[in-house]
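Since the structure comes first, as structure tokens, the remarks are kept for the end.
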Amino acid sequence: DAKELPATLWDDTKAVVKNPWSIAGLVAAGAAGIALSASDADDHIADHYTRHGSQLNTFWDSVGDAGGNPGTHFAIAGAMYFTSLATKDTKTYETSKALINALAINGVVTLALKGLVHTRSPNGDPFGWPSGHTSSSFCFATVLAEAYGPWVGIPLFAFASYVGYERVDARNHDFSDVISGALIGIAIGHAVMQNHKTRVFGFELVPWADPADNVVGIALTKQF
């Protein structure tokens, strides 16, 4: 898996670029950031916090900060991967690999946009837009929701939304940073999961036919 990681990561990156829904999500993230900033929504929210202060105490602020940290998400993905190897759980194995790739691509895209746009966040950070905690949280939620369904996805999306709220409440990010981050995470997580749905232990599922015996079916293929 370590040897194949660069190839699978590149394959997932191409899938993100080619997936029309992920492109739409990334464009929407940019458009939302511009629209919210132009509409003075960020300024109105900033004024609210200037008058009333933060709503969350230190404990709940730390919950959102730690739970939404990309490092936490990578740690969980790694734990899933090694657990799947120990238990020989194919579902968790494939999901963990997709999650690691999705988080990595999401991280690179988010950091690249931060460096390119270079907006200042409320706390003075020169790399505000988009919110990395939020994009990673929604990417994490999207991958696991598509892998395990709504019983897992709904709580994770709820927590990802809480992370976004915490980033604004703690004045680490503007509202536009959080909304754009959420759209980016969802777009990338969805595209990577769509690309992994045809894989089983690194093999791709492809149609198969044997004209000699007049037999059709499905085959597992892999390039070494």
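Points to keep in mind about this one:
- Hey, G78 open to solvent by less than 40 Å² (accessible area, probe 1.4 Å) and either β-branched (V, I, T) or farther than 29 Å from V108 by Cα (or both) or not: no
- Per-region count, the range 112-140, residues assigned to a loop (DSSP other than H, G, I, E, B) and open to solvent by less than 10 Å² (accessible area, probe 1.4 Å): 4
- Qualifying positions in the range 74-102 - of a type in the set (A, V, I, L, M) and closer than 12 Å to M193 by Cβ: A98, L99, A102
- Residues that are under 14 Å from N101 (Cα atoms) and at pLDDT 70 or above, drawn from the range 188-221: I188, G189, H190, A191, V192, M193, Q194, N195, H196, K197
- Single residue of V143, V109, V168, V163 found to be in contact with a helix residue (DSSP H, G or I) (Cβ under 7 Å, 6 or more places away or on another chain), in a helix (DSSP H, G or I) and open to solvent by 20 Å² or more (accessible area, probe 1.4 Å): V109
- Conditions (1) touching a Lys or Arg at 6+ places or on another chain (Cβ under 7 Å); (2) open to solvent by 40 Å² or more (accessible area, probe 1.4 Å); number of the one not met by K88: (1)
- Residues that are among the aromatic types (F, W, Y) and open to solvent by 80 Å² or more (accessible area, probe 1.4 Å) within the range 33-62 comprise F59, W60, listed in sequence order.
- Entry remark, the range 57-98: residues being free of Cβ contacts under 8 Å to residues at least 24 places away in the same chain and touching a strand residue (DSSP E or B) at 6+ places or on another chain (Cβ under 7 Å) number 0 in total.
The values are calculated or read from the model by the stated rules, or taken from the named source; none is laboratory data. These numbers come from a predicted model, not from an experiment. FYI the Cβ positions are ideal-geometry reconstructions off the backbone, even for glycines, and counts take in every protein chain you see. Protein only, heavy atoms only, side chains kept; ligands, DNA and RNA dropped before computing areas. Shrake-Rupley method; radii C 1.70, N 1.55, O 1.52, S 1.80 Å.
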